[in-house]
Amino acid sequence: MYLSGTKRINEKNHLEIGGVDTTDLVKHFGTPLYVLDEFEIRNKMREFINTFKSFGIPFQVAYASKALCTMAICYLVEDEGLSLDVVSGGELFTAIEAGFPTNRIHFHGNNKSVAEITMAIEAEIGAFIVDNLYEIELIESIAENKQKRVNALIRVTPGIEAHTHEYIQTGQEDSKFGFNLVDAAYNAAKLVHQSKWINLLGFHFHIGSQIFDMKGFEKAIERMAGFYRFIHDELDVELPIINAGGGFGIHYVEEDEPLSIREYVVSLVESFKYHFYKQGLKLPEIWIEPGRSIIGEAGTTLYTIGSSKNIPNIRKYIAVDGGMMDNPRTALYQAKYDAAIANRMIYDQSEVVSVAGKACESGDMLIWDIELNSPVAGDILAVFSTGAYNYSMASNYNRIPRPAMVLVNEGEAELIVRRETYSDIIQFDVVPERLKKNKVKILG
Ligand SMILES: *Cc1c(COP(=O)(O)O)cnc(C)c1O
């Protein structure tokens, strides 16, 4: 079992996070419950920032808020001096409402709407990461209309595949995102370079997610340096910024072997230096966009175990009070998770089981074949590394309310997302008067 951050086994043989006994969290807040370790989140952010600082070069670390975006998270991101990536009006609104400095917000997305672009220009965000020609036209006309000049990076697909599950690869040529190198990207650059309303800062690339080795990044950086040289020669500009995206891997299960954040950053910076100097260029300001590597391991989901089904010689299923509604990643990507019985951490008798959710869907599984400390009904199951792409991908499938989320630190637990209620579930439902009248007729 890999216990990251402040997770530890306390004297009662319970899982403790941020100095709080998880069984107390369950008594107080119920299950399912997302628990976030504030110390761990801040530590990861600081490791990114401090490693860049040790090089004495200009940089920005933008937290990719799509991994987990709530107002409290935006406060933490601001407090640690990071920038923020958003990919929708909803994420932008969350950041603005949290008072996040808009000049440190970068706006991503392959189909930004007029309303979203207008909102971002009015808020005077730091930069758009422009994805396609249609968007360039929209930004140009809205910026002119508002008489506000905007900054932009152009997203390119450098044609590098990162080794990860195919559904979450975004760097290959056949991708819905960005302009392909070289021609499409060059034409977009020319267009933006000539624009009166868009200020071209540089290019952006993102080669995938849950990446464990730096070869893909090195290859992409080599290509990008060559492309910056080409742009320099053709358009006579030395672009001030380059954005290498996110995708740094984390521990989900014991076998995962991610590099440390420090190792990822050192390798990136050295690679940028080597390839840009080789092209006779100055080192541009480096931006990166980690999401999972900041928030993933800091999240733990607590469930209560209920029913079980034993199929002799085949498999034993145990069911929890959540599932694909709060964590769709196993169902979507065959993601792997590690877990433990939070109220009996040290194993006395282990048993291999598969953890099912409670949704009416055979694919609703959280973990296949995991060795747990013989789980029984009423035990608390802690699933680790659920901070990224869990709450942010959660749904109300089967009309199940979404869990609460607490931030734990130094023995205190504070609610940062309250648990949804059944009233929340029906709040958007509208019944036309006509149907209500019919009902009265039938009944009466
Ligand atoms: C998803 C995404 C990220 C963050 O990826 P992680 O794997 O969470 O680090 C960064 N940049 C872009 C463009 C993305 O799409």
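The values are calculated or read from the model by the stated rules, or taken from the named source; none is laboratory data. Predicted model only: the values in this text are computed from it and were never measured. Every residue, glycine among them, receives a Cβ derived from its backbone with ideal geometry; neighbour counts consider all protein chains shown. Keep in mind that these areas ignore ligands, DNA and RNA; they rest on the heavy atoms of the full protein, side chains included. Shrake-Rupley method; radii C 1.70, N 1.55, O 1.52, S 1.80 Å.
List of remarks:
- Taken together, 202, 246 contain a single residue that is more than 9 Å from the ligand (Cβ to nearest atom) and outside any helix (DSSP H, G or I), which is 202.
- The stretch 208-220 residues that are assigned by TED's automatic domain parsing to the domain that holds residue 257, paired with ones that are modelled with pLDDT of 90 or more and more than 14 Å from the ligand (Cβ to nearest atom) (beta carbon under 6 Å, 6 or more apart): 214/267; 218/271
- Residues that are more than 19 Å from residue 73 (Cβ to Cβ) and in contact with a Lys or Arg (Cβ under 7 Å, 6 or more places away or on another chain), drawn from the stretch 31-59: 51
- Members of the stretch 39-83 that are away from the ligand (no atom under 14 Å from the Cβ) and assigned to a strand (DSSP E or B): 59
- Scanning the stretch 211-224 for residues that are under 26 Å from residue 151 (Cα atoms) and crowded, with 22+ Cβ neighbours inside 10 Å returns 217, 220, 221, 224.
- Filter result for residue 397 (within 26 Å of residue 331 (Cα to Cα) and within 16 Å of the ligand (Cβ to nearest atom)): no
- Residues that are without any contact (Cβ under 8 Å) to a residue 24 or more places away in the chain and of a type in the set (Lys, Arg), drawn from the stretch 379-432: 418
- Count of residues meeting criterion [crowded, with 20+ Cβ neighbours inside 10 Å, within 26 Å of the chain's Cα centre (by Cα) and under 18 Å from residue 300 (Cα atoms)] in the stretch 342-375: 7
- When residue 2 is tested against (1) of a type in the set (Ser, Thr, Tyr); (2) modelled with pLDDT of 95 or more; (3) in a loop (DSSP other than H, G, I, E, B), only condition (2) is not met.
- Residue selection: residue 36 fails the criterion of being among the hydrophobic types (A, V, I, L, M, F, W, C) and in a helix (DSSP H, G or I).
- Evaluation of residue 227 against the conditions (1) open to solvent by less than 20 Å² (accessible area, probe 1.4 Å); (2) hydrophobic (A, V, I, L, M, F, W, C); (3) over 17 Å from residue 52 (Cβ atoms); (4) within 15 Å of the ligand (Cβ to nearest atom) shows that the sole unmet condition is (4).
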